[in-house]
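**Student:** Got a structure for you, questions after.
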Amino acid sequence: MNDMIRPDMGEAARAILARNDRGGYTIPTDRLYPFQWNWDSAFVAIGFSTFDPDRAYRELERLAEGQWDDGMIPHIVFHAPSDTYFPGPDVWGTRHRIPTSGITQPPVFGMALRQVHEAAIAAGRSDAMERSRVLFRHALRSHRWWLQARDPDATGLVAILHPWESGSDNSPAWDEALSRVPTSTTTAIRRKDTGHVDAAMRPKDIDYQRFIHLVDTYRESGWDPARQWAAAPFKIAEVQMTAILARATRDLVALAEALELPEEGIELSAMEARLTRGLAARWRSDLRRFVSRDLISGEDVEAPTQAGFVPLIAVTLDPAQREAAGTELARWCDAMVAGVPSTAPFAPTFEPRRYWRGPVWAVINWLIADGLRHNGLGDQARMVERGTIGLMERAGFCEYFDPTTGEGLGGDTFSWTAAAYLVLSRRT
Ligand code: GLC
């Protein structure tokens, strides 16, 4: 065990995962998020892989139960009912055997699967190859869905049709595009989140009307990918999503080799090439980061958010880009108690306590640190990791942290924050 791990903290992190276990799957936190969330579970599986590969597999297997016949892995799987969350299964009106939402979330699944597989092999588990093969099929179907449903014109970038798909639900990156979405809804809005968390840290009511307008639109399109694509009033070719997909695709290429599936390996390599080409073209040298494109207006999304740095996990920058990205990231973190703020502190949209408009998220830092290291910026990666661990040691396993004070916000029993601790504390 590495010296960085405080035994009591590691134990506390594992205790949170145990407490949020609902039978082979982990809820993000009690009450506020009482179901299985897609990318949360993938990060949690990586956390489990550090001490219990069997449980790590279970997490992914339970998530895969929610996969649709067309390959989409939904953003929420409603394994068991709960009335503390809106919008629940009745609002989504989807048709899967287990109730699910109708939109997706970043495909960290493939990244997790590789790590779980490697941990299971290292632990000498005799069921590793078989379980990995089954989950690999789920991952491959999901990646095929991504490219067909969300990049039908083969641009190399995948699009989100709802801000919640990004995982960065309330980011200023969506402000302009979301302001064009009508506020009319056919569903009655009954928010539950503001009963659990201070409204000042959550999205505003008008944003919720637009979020639900989008859900109504897609439900009325019968959840058919082509009809949704045509009807979508919100459509952004997104760099954070594409980067995660590209990186997960690369991890699946490695897995295909380990699992001796050469044809799938070739298919996945072609996908990866398409995605990294698409991403590379989104670098903006004047802004020193990557930018998404709004497919409705045709404009770049220039809002300075953490998404601009996430492509480092997938793209290998040239020396000039590397230097520029490193300098820009340092500017964002300058004068913060700990980076990386989810919105640049020098932007007018910066709100250090409001959900995705400034706070630091442990899992985002994990991705950014991986990207920095992938691009030879190891010192900066270590700084991000140490800062993240410091935040957790001072404030607990909170949903997010105020970068200007280090205060923990949104509750302190978050599964993916605990998972991030288990992974990041073993590094450096
Ligand atoms: C919020 C976050 C999203 C996360 C979910 C559960 O909606 O924006 O990324 O998956 O909470 O933690």
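Derivation of every value follows stated rules applied to the coordinates shown; laboratory data play no part. As the structure is a computational prediction, the values presented were derived from the model and not from experiment. Backbone-built Cβ (ideal geometry, glycine too); neighbour counts: all protein chains shown.
**Student:** Taking amide H atoms as placed 1.01 Å from N in the peptide plane, list the residues 5 or more away in sequence, or in a different chain, whose amide H sits under 5 Å from that of V301.
**Tutor:** Amide H neighbours of V301, under 5 Å, 5+ apart: S292, R293, D294.
**Student:** State to the nearest 20 debye the size of the charge dipole of the range 1-160 about its Cα centre, where the only charges are +1 on K and R beta carbons and -1 on D and E beta carbons.
**Tutor:** 240
**Student:** Based only on Cα atoms, what Rg/Rh ratio does the range 156-269 have, Rh being taken as Kirkwood's radius?
**Tutor:** 1.09
**Student:** Now a separate question. May I ask for the equivalent-ellipsoid semi-axes of the range 261-329, computed as the square root of five times each C-alpha gyration tensor eigenvalue and listed largest first in whole Å?
**Tutor:** They are 25, 17, 9 Å, listed from largest to smallest.
**Student:** In the range 237-386, if the dipole is taken from +1 on Lys/Arg beta carbons and -1 on Asp/Glu beta carbons about the Cα centre, which of L259, A325, T343 is farthest to the positive end?
**Tutor:** With unit charges placed on the Cβ atoms, the residue in question is T343.
**Student:** Additional query: Are there chymotrypsin sites (Phe, Trp or Tyr not before Pro) in the range 138-203 that DSSP marks as loop and that have at most 15 other Cβ atoms within 10 Å, and which are they?
**Tutor:** none
**Student:** Next question. Per-residue counts of other Cβ atoms within 10 Å, averaged by peptide: what ranking do you get for 17-29, 220-232, 187-199, 240-252, highest first?
**Tutor:** Listed from highest to lowest mean packing, they are 240-252, 17-29, 220-232, 187-199.
**Student:** Sticking with this one: log₁₀ I(q)/I(0) of the range 297-413 at q = 0.19 Å⁻¹, via Debye over equal Cα point scatterers, no solvent, to two decimals?
**Tutor:** Calculated log10 I(q)/I(0) at the listed q: -0.96.
**Student:** So, one more: Show me, bin by bin at 5 Å from 0, the whole-percent P(r) of the range 99-219 based on Cα pairs.
**Tutor:** Over the range 99-219, the share of Cα pairs per 5 Å bin runs 2, 9, 14, 16, 16, 12, 11, 9, 6, 3, 1, 0 percent.
**Student:** Output wanted: per-residue J couplings in Hz (rounded whole) for the range 405-413, from phi through Karplus 6.51 cos²θ - 1.76 cosθ + 1.60, θ = phi - 60°, x for Gly and Pro.
**Tutor:** 10, x, 5, x, 10, x, x, 10, 10
**Student:** Residue-wise, which Karplus ³J(HN,Hα) couplings in Hz belong to the range 28-33, taking 6.51 cos²θ - 1.76 cosθ + 1.60, θ = phi - 60°, and x for glycine or proline?
**Tutor:** x, 6, 5, 6, 5, 10
**Student:** Find the percent of Cα-Cα distances in the chain that exceed 32 Å, and round it to a whole number.
**Tutor:** In whole percent, the share of Cα-Cα pairs in the chain beyond 32 Å is 30.
**Student:** Another question, if that's okay. Can you list residues whose amide H is under 5 Å from T104's amide H, if they're 5+ apart or on another chain and H is modeled 1.01 Å from N?
**Tutor:** So T104 has HN proximity to H75.
**Student:** May I pose another question? Assign unit charges at the C-beta atoms only (+1 for Lys and Arg, -1 for Asp and Glu), then state the dipole size of the range 153-197 relative to its Cα centre in Debye, rounded to the nearest 20.
**Tutor:** Rounded to the nearest 20 debye, it is 320 debye.
**Student:** Also, I was wondering about something else. Please report, in debye to the nearest 20, how large the charge dipole of the chain is about its Cα centre when each Lys and Arg carries +1 at its beta carbon and each Asp and Glu carries -1 there.
**Tutor:** 140
**Student:** Now for a different question. Quick one: which residues, 5+ away or cross-chain, put their amide H under 5 Å from the amide H of Q36? H built at 1.01 Å from N.
**Tutor:** Counting only residues 5 or more places away or on other chains, the set is V77, H79.
**Student:** Report, for the chain, the % of DSSP beta bridges that are antiparallel, rounded to 5.
**Tutor:** Taking every DSSP beta bridge within the chain, about 95 percent pair in antiparallel fashion.
**Student:** Tell me which of Q209, H196, G222 sits at the most positive position along the dipole axis of the range 196-252, charges placed on C-beta atoms (Lys, Arg +1; Asp, Glu -1).
**Tutor:** Working it through, the farthest residue towards the positive pole turns out to be G222.
**Student:** What percentages make up the Cα-Cα pair-distance distribution of the range 1-58 when the bins are 5 Å wide from 0?
**Tutor:** 4, 18, 29, 25, 14, 7, 2
**Student:** Rounded to a whole number of µm²/s, how large is the Stokes-Einstein D of the range 17-141 at 25 °C and 0.890 mPa s, given Rh as the Kirkwood radius over C-alpha pairs?
**Tutor:** 169
**Student:** Figure the gain on full extension for A281 and R190 (residue separation times 0.36 nm, minus the Cα-Cα span) and round it to one decimal in nm.
**Tutor:** Full extension from A281 to R190 adds 28.6 nm.
**Student:** Hey, another quick one. Send over the per residue convex hull volume for the range 201-328, Cα only, as a whole number of Å³.
**Tutor:** Looking at the range 201-328, the number lands at 164 Å³ per residue.
**Student:** Using θ = phi - 60° and the Karplus form 6.51 cos²θ - 1.76 cosθ + 1.60, what ³J(HN,Hα) does each residue of the range 221-226 get, whole Hz, x for Gly and Pro?
**Tutor:** Calculated HN-Hα couplings, in order: 8, x, 6, 8, x, 5 Hz.
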